[in-house]
1. Just the residues that are surrounded by fewer than 16 Cβ atoms within 10 Å (Cβ to Cβ) and not in a helix (DSSP H, G or I), please, taken from segment 89-102.
2. Restrict the check to segment 87-105 and report whether at least one residue is closer than 20 Å to residue 48 by Cβ and either over 15 Å from the mean Cα position of the chain (by Cα) or within 9 Å of the ligand (Cβ to nearest atom) (or both).
3. Restricting to segment 56-88, what's the tally of residues that are without any contact (Cβ under 8 Å) to a residue 40 or more places away in the chain and either in a helix (DSSP H, G or I) or in contact with a helix residue (DSSP H, G or I) (Cβ under 6 Å, 6 or more places away or on another chain) (or both)?
Ligand code: SF4
């Protein structure tokens, strides 16, 4: 006897067994959305200074080294993720609606 399961059934079983936090962490989902949106508009990081190869976020947050080590490749950049996390927390604490497009992201430094 063979038991077959459809792809939809398999997906529902797999998602049901994931921990709740992994399934729906709104902060993580919003950050991923912002990075996806940023990729639509920017080939290299919008906070990357091509002339000096410095990072504006690092400069404004007084990092010891303000140089971007990633040549402006922002996908998976921990500095950008940390910045977006801070922005998310700030907007949430103010009760400001979260932007759904990277271009609407306020400069919260
Ligand atoms: S360190 Fe990250 S956030 Fe800063 S310029 Fe480079 S890629 Fe962008």
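The numbers here are math on the coordinates, done by the rules we state, and not lab data. Note that the structure is a prediction, hence the values are computed from the model and not measured. Using ideal geometry, Cβ is built from the backbone for each residue, glycine included, and neighbour counts are taken over all protein chains shown.
1. Here is the first cut: in segment 89-102, the residues surrounded by fewer than 16 Cβ atoms within 10 Å (Cβ to Cβ) are 89-90, 92-98, 100-101.
Within segment 89-102, 95, 96, 97, 98, 100, 101 meet the criteria.
2. no
3. Matching residues across segment 56-88 total 11.
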